[in-house]
Amino acid sequence: MSQPDIYDSSYVRELFEEMSASYRLTNLISSFGFSKIWRDQCVFQAGIQPEATVYELMSGNGDSFSALINKLNAKGEIIAVDFCRRMCEQAKARKDKLAAERVTVLEQDILTNQLPSESADVVISVFGLKTFSDAQKKILAEQIHRILKPGGTFSLLEISMPPNRFLRCLYMFYLRRVIPLIGWIMLGNPNNYRMLGIYTEQFQDCRKTAQIFTVAGLQSKTRLHFFGCATSLVGQKCS
Ligand SMILES: C[S@@+](CC[C@H](N)C(=O)[O-])C[C@H]1O[C@@H](n2cnc3c(N)ncnc32)[C@H](O)[C@@H]1O
């Protein structure tokens, strides 16, 4: 039987549709709370001004909304984009719970999105890079460049392979074996959670993505979080 293309949009969408019910709790427990710390760091380093229009790409169930809302005043706006229907439903429920009127949740594939050009002051994304192939990352970079206003900033963070060999082995064991088990306990499909380890191993860290972004005209710096268990890409559209 032929292997599925794990970067194919329908494959990725189906994966997250299936994981959506168990994702939030599994993510929080399996990361020992680091997922929240990293989300907050990703938002913090984006340099968000109170009146900014912020696009959150691959926004999932809206777990970054609170951190983003805290940075904005009544004129600030959040546009969350994700192509998974169930994740978007949860994000809308989150928006209602937070009574956040200036949050809009859009169900769109970011690679073929309808977002207006030069409309974003800031683009952020947390844990949203690993399911893109290099060719798709190039399209993503071009789209971020198109969407951002000149001088607009971006902050993207992803789970990564730490440079230390010992820590890397331990972390991979955890991603490959322990997280699927936690996913199963949370009533999710362990095979789906196993895929997160496979994507992370392929992704490595944000350095290659930084090169792709530079070619697209986005200047950026990479940063390690907790010894490289996550890395981020922070930068600006210069022209
Ligand atoms: C690992 S989840 C991260 C969710 C959220 N950002 C968080 O902090 O937990 C990745 C999300 O990216 C979305 N996604 C993946 N590829 C996408 C694409 N091409 N367009 C829009 N959303 C996409 C998935 O549906 C999923 O909700």
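Quick note: the coordinates plus some simple rules give every number you see, no bench work behind them. As the structure is a computational prediction, the values presented were derived from the model and not from experiment. We place every Cβ from the backbone using ideal geometry, glycine too, and count neighbours over all the protein chains shown.
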If I build a Gaussian network model for the chain, linking alpha-carbon pairs within less than 10 angstrom, which residue out of GLN204, GLN41, GLN49 has the largest mean-square fluctuation? GLN49
Fluctuation leader among ASN70, ASN192, ASN27 - the chain, Gaussian network, Cα springs under 10 angstrom: ASN70
Each residue of the stretch 111-120 in turn: what ³J(HN,Hα) in whole Hz from Karplus with 6.51, -1.76, 1.60 and θ = phi - 60°, glycine and Pro shown as x? 6, 10, 6, 10, 5, x, 5, 6, 10, 10
Any chance you could run the full-extension gain for SER9 through LEU98? It's 0.36 nm times the residue separation minus the Cα-Cα distance, nm to one decimal. 29.0 nm
Expected vector for the stretch 56-67, Karplus 3J(HN,Hα) from phi with 6.51, -1.76, 1.60 and θ = phi - 60°, integer Hz, x for Gly and Pro, equals 9, 9, 6, 6, x, 8, x, 5, 8, 4, 4, 4
Amide H within-cut-off set for ALA230, under 5 Å, with H built and near neighbours excluded: SER160, HIS225
Charge dipole of the stretch 9-237 about the Cα centre (unit charges at C-beta), most positive-ward option of GLN202, LEU218, PRO150: GLN202
Springs between alpha-carbon pairs under 10 angstrom, Gaussian network model over the chain: which of SER117, SER22, SER30 fluctuates most? SER117
How are the C-alpha pair distances of the chain spread across 5 Å bins, as whole percents from the shortest bin up? 1, 7, 14, 19, 21, 18, 12, 5, 2, 0, 0
Skipping prolines and chain starts, which residues have an amide H placed within reach, meaning under 5 Å, of the one on GLN219, given they are 5 or more residues away or on another chain? GLN236, CYS238
Computed over the Cα atoms, what is the radius of gyration of the stretch 144-239 divided by 2.2 N^0.38 Å, N being its residue count? 1.28
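Relative contact order for the stretch 1-115 using alpha-carbon pairs under 8 Å, separation at least 6, rounded to a whole percent?
Averaging sequence separation for qualifying contacts and normalising by length gives 24 percent for the stretch 1-115.
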For LEU181, LEU106, what ranking results if the residue with the fewest other Cβ atoms within 10 Å of its Cβ goes first? LEU181, LEU106
How large is the dipole of the stretch 9-237 about the Cα centre if only Lys and Arg carry +1 and Asp and Glu carry -1, each at its Cβ, rounded to the nearest 20 debye? 580
Extension reserve of the GLN49-SER119 stretch, reckoned as 0.36 nm per residue once the Cα distance is removed: 23.7 nm
